[in-house]
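*Asks:* Would you mind keeping the following structure in view while I ask a few things?
The values are calculated or read from the model by the stated rules, or taken from the named source; none is laboratory data. None of the values given here were measured: they were computed from a predicted structure. Using ideal geometry, Cβ is built from the backbone for each residue, glycine included, and neighbour counts are taken over all protein chains shown. The accessibility values were calculated without ligands, DNA or RNA, using every heavy atom of the protein model including side chains. Shrake-Rupley method; radii C 1.70, N 1.55, O 1.52, S 1.80 Å.
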Amino acid sequence: MASKICSVDPGSPAARAGICPGDTLLTIDGAAVRDVLDYKFYGYDAKLTLVLLSESGEQRTVSVRKREGEPLGLNFEHYLMDKMKRCSNKCVFCFIDQLPKGMRDTLYVKDDDARMSFLLGNYISMTNLSQADVERILRMHISPLNISVQTTNPELRVKMLQNPRAGEVLSLLPRFAEGGITMNCQLVICEGLNDGEELRRSLADLEALYPAVGSISVVPFGMTDHREGLYPLQPTTQQGAAAMLDIVEDFAARCLAKHGTRLAWCGDEVYLKAGRPLPDADYYEDFTQFENGIGMLPLFAEEFSLALPDYAGRTPRPFCIATGMAAAPTLTRLIDQARTVCDNLSGHVYAVQNDFFGHGVTVAGLITGRDLVAQLSGRELGARVLISANMLRDGGDVFLDDLTLQQASEQLGVPVVPVEIDGADLLAKIFEE
C-alpha cells in the first residue's frame, strides 16, 4: 500500500532532499513500502534512493544521505501506514467485551497487530498471523514481540481464546525462538481454567524456550460488572491470588538459581489481592514488563524515597491525591513517610471506588472522571487534586467517560493535576509553587 506523506520534519534528511507533504512514498532502494515496518527497515541505511509520486501524478526519484539509523523525517496520514489488524478471538476474559455500551468507539477496538507489538509494546495472540507475516517477522528480525500466551495447553488455549487456531499457533513460539526473536510472554489467569497445574505447565514450557522467552508476566483477569451473556468466570479470590504467588515465586527462585534471572513475575495486583507485601524494586531486575503492572508500585515507591531528601524541611501547599483502591495504601504510606521530613505537610489520599466498571476494578487507570468528581465533591481537597496521568487518554486531557480535565477541575473547584507514573514526579507536583 503506497503511503501519502502528511508532513516532513523541518531540518530532517527528507526535508533537505526536497521531499514535500502530499508526495506518496512508493519504494526505498527498490523495495515497496507497504507499512511502517518497511519504512523503518528499508530506511535505516545512510544512503537511500526513494521513489515518490507527486500529487500531480509525476513519479520522481530522490537520493537521500543521512546518518545510519537516523529517521528520514517523514510523517504519514496513519501511524501504521496501513490498516490495523483486528483481533479474531473471543477471549473468555476479554476486558473490552466487558465494557458498558455507549462509550466512544475507539475504546471498543481490539487490536492484534504484530507491528504494534514491536513498535508500541502491545500484546498479540498470534492467531491472525499469516505465513507471510511469520516469514516477515523472521526475515526482518522483528524483535522483541509481546505475546499473550495464557496457556501452553493447545486445547485449553482454544477454549480460552474461543478460536480454533489458538492451539496450533503455539508452534510459532519455538519457531520464533529458533529465529532469534525475543519474546515477552503474558499469562492472564482465570481461576479454574489456567491456574494451578496448568500454570505450572505453562511456566515450564516457556522456560524451555529461555533465553528467547525473556520474561513472563502472570496477572489476574480484570472483571467488571458488565459480563451479561459472557463466559461464567469468578473474580480472583485471596486464596487464588496466594496460590498463584506460591507457584510463580517458587518457579522464579529456581530460575534465578539456574539462569540468573527470575524470568517470571506476578503483577502488583496479585500481591494486593493476596494481602501480601510487595517485593522491593530490585526484585524486578530490569522491569521488562513494567507497563503490564509488574513492579510498578515498588519502583514508584523507590523513586519517591530517593527524591524525598531534596524536599526536607519544605512546606507544600495543601493537596490531595485521588487514586484507585489498589494503589491507595502504598500512596498513603508514602505521604506518611514524607511527613517525617517535611514541615506541616497537609495532604490526603482518597481511594476512589470504581462505580462505573464495578468495584472489582481497582486500578487507577480505569477511574472515570464522573466517579472522581462524585466521590471527591464536598471533601477536603486542598489547593489541587493530584491524579495518575494514566487516567487520561494517552497524551490528552480526557477521561475514559469523555469528561475533560478542565470540566473535572471546574466541578471540583480546584485544579486536577496529572502526575506521571514516577515517584519523583509526584513529589515535584506536591511541592510545585
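*Asks:* Looking at the range 312-323, can you tell me whether even one residue there is open to solvent by less than 20 Å² (accessible area, probe 1.4 Å) and at pLDDT below 95? Write out each step before concluding.
*Replies:* Step one: filter the range 312-323 for residues open to solvent by less than 20 Å² (accessible area, probe 1.4 Å), giving 316, 319-323.
Then keep just the ones that are at pLDDT below 95; that gives 316.
Looking through the range 312-323, at least one residue is open to solvent by less than 20 Å² (accessible area, probe 1.4 Å) and at pLDDT below 95.
*Asks:* Looking at this structure, is Leu345 of a type in the set (A, V, I, L, M) and part of a helix (DSSP H, G or I)?
*Replies:* Working: of a type in the set (A, V, I, L, M): yes; part of a helix (DSSP H, G or I): no.
So Leu345 fails the test.
*Asks:* So, of the residues in the range 28-50 that are open to solvent by less than 30 Å² (accessible area, probe 1.4 Å) and free of Cβ contacts under 8 Å to residues at least 60 places away in the same chain, which turns out to be farthest from Gly11 (Cα to Cα)?
*Replies:* Applying the filter and picking the extreme gives Ala31.
*Asks:* Same structure, new question: Anything in the range 205-221 that is closer than 13 Å to Arg175 by Cα and in a strand (DSSP E or B)? List them, or say none.
*Replies:* If the condition is that a residue be closer than 13 Å to Arg175 by Cα and in a strand (DSSP E or B), then Val213 is the only one that fits.
*Asks:* For Leu37, indicate whether it is in contact with a helix residue (DSSP H, G or I) (Cβ under 6 Å, 6 or more places away or on another chain), among the hydrophobic types (A, V, I, L, M, F, W, C) and closer than 30 Å to Tyr123 by Cα.
*Replies:* yes
*Asks:* Taking the criterion of being of a type in the set (Gly, Ala, Ser), within 25 Å of Thr288 (Cα to Cα) and outside any helix (DSSP H, G or I), would at least one residue in the range 237-248 satisfy it?
*Replies:* no
*Asks:* Which one of the conditions (1) open to solvent by less than 40 Å² (accessible area, probe 1.4 Å); (2) over 21 Å from Met160 (Cβ atoms); (3) assigned to a helix (DSSP H, G or I) does Pro279 fail to meet, given that it meets all the rest?
*Replies:* (3)
Condition check ((1) touching a helix residue (DSSP H, G or I) at 6+ places or on another chain (Cβ under 8 Å); (2) basic (Lys, Arg)) across all residues:
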position: Leu278; (1), (2): yes, no
position: Leu306; (1), (2): yes, no
position: Arg317; (1), (2): no, yes
position: Thr323; (1), (2): yes, no
position: Asp343; (1), (2): no, no
position: Ser346; (1), (2): no, no
position: Val349; (1), (2): yes, no
position: Gly365; (1), (2): yes, no
position: Leu372; (1), (2): yes, no
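*Asks:* Moving on to the next point. Quick one: in the range 285-311, which of the residues that are open to solvent by 30 Å² or more (accessible area, probe 1.4 Å) and aromatic (Phe, Trp, Tyr) is nearest to the chain's Cα centre (by Cα)?
*Replies:* Phe290
*Asks:* Go through (1) in contact with a helix residue (DSSP H, G or I) (Cβ under 7 Å, 6 or more places away or on another chain); (2) at pLDDT below 95; (3) aliphatic (A, V, I, L, M) for Val270 and report which single condition fails.
*Replies:* (2)
Every residue, every condition in (1) under 20 Å from the mean Cα position of the chain (by Cα); (2) in contact (Cβ under 8 Å) with a residue 40 or more places away in the chain; (3) surrounded by fewer than 17 Cβ atoms within 10 Å (Cβ to Cβ), yes or no:
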| residue | (1), (2), (3) |
| --- | --- |
| Glu55 | no, no, yes |
| Ser63 | no, yes, yes |
| Arg67 | no, no, yes |
| Asp82 | no, yes, no |
| Val92 | no, yes, no |
| Ile96 | yes, no, yes |
| Leu99 | yes, yes, yes |
| Leu107 | yes, yes, yes |
| Asp113 | yes, no, no |
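*Asks:* Which residue pairs have Cβ atoms closer than 9 Å, lie 6 or more positions apart in sequence or on different chains, and pair a first residue in the range 232-245 that is under 20 Å from Ser202 (Cα atoms) with a second residue that is open to solvent by 100 Å² or more (accessible area, probe 1.4 Å)?
*Replies:* That search, which allows pairs on different chains as well, returns Gly240/Gln234.
*Asks:* Can you name every residue in the range 350-364 that is open to solvent by 20 Å² or more (accessible area, probe 1.4 Å) and either over 18 Å from Ile430 (Cβ atoms) or touching a Pro at 6+ places or on another chain (Cβ under 9 Å) (or both)?
*Replies:* Ala351, Gln353, Asp355, Phe356, His359, Gly360, Thr362, Val363
*Asks:* I'd like to know if the range 144-155 contains one or more residues that are assigned to a helix (DSSP H, G or I) and under 28 Å from Ser215 (Cα atoms).
*Replies:* Yes, some residue in the range 144-155 is assigned to a helix (DSSP H, G or I) and under 28 Å from Ser215 (Cα atoms).
*Asks:* Checking Ile137 against (1) open to solvent by less than 50 Å² (accessible area, probe 1.4 Å); (2) assigned to a helix (DSSP H, G or I); (3) out of contact with any helix residue (DSSP H, G or I) (no Cβ under 8 Å at 6 or more places or on another chain); (4) not charged (D, E, K, R): exactly one of these is not met. Which one?
*Replies:* Among (1) open to solvent by less than 50 Å² (accessible area, probe 1.4 Å); (2) assigned to a helix (DSSP H, G or I); (3) out of contact with any helix residue (DSSP H, G or I) (no Cβ under 8 Å at 6 or more places or on another chain); (4) not charged (D, E, K, R), Ile137 violates only (3).
*Asks:* Sticking with this structure for a sec: Considering only residues that are open to solvent by 60 Å² or more (accessible area, probe 1.4 Å), in contact with a helix residue (DSSP H, G or I) (Cβ under 8 Å, 6 or more places away or on another chain) and part of a helix (DSSP H, G or I), look in the range 402-430 and name the one that is farthest from Met391 (Cα to Cα).
*Replies:* Taking the candidates together, the pick is Gln411.
*Asks:* Right, another one. Select from the range 1-27 the residues that are assigned to a strand (DSSP E or B), open to solvent by 60 Å² or more (accessible area, probe 1.4 Å) and modelled with pLDDT under 90 and list them in ascending order.
*Replies:* Of the range 1-27, the ones assigned to a strand (DSSP E or B) are 3-8, 24-27.
Of the ones still in play, those that are also open to solvent by 60 Å² or more (accessible area, probe 1.4 Å) are 4, 6.
Lys4 - this is the single residue of the range 1-27 that is assigned to a strand (DSSP E or B), open to solvent by 60 Å² or more (accessible area, probe 1.4 Å) and modelled with pLDDT under 90.
*Asks:* Same structure, new question: Given the conditions (1) outside any strand (DSSP E or B); (2) buried (at least 19 other Cβ atoms within 10 Å of the Cβ), which single one is not true for Gln186?
*Replies:* The number of the failed condition is (1).
*Asks:* Quick one: Gly57 ticks every box in (1) part of a loop (DSSP other than H, G, I, E, B); (2) at pLDDT below 85 except a single one, so which number is it?
*Replies:* Looking at each condition in turn, Gly57 falls short on (2).
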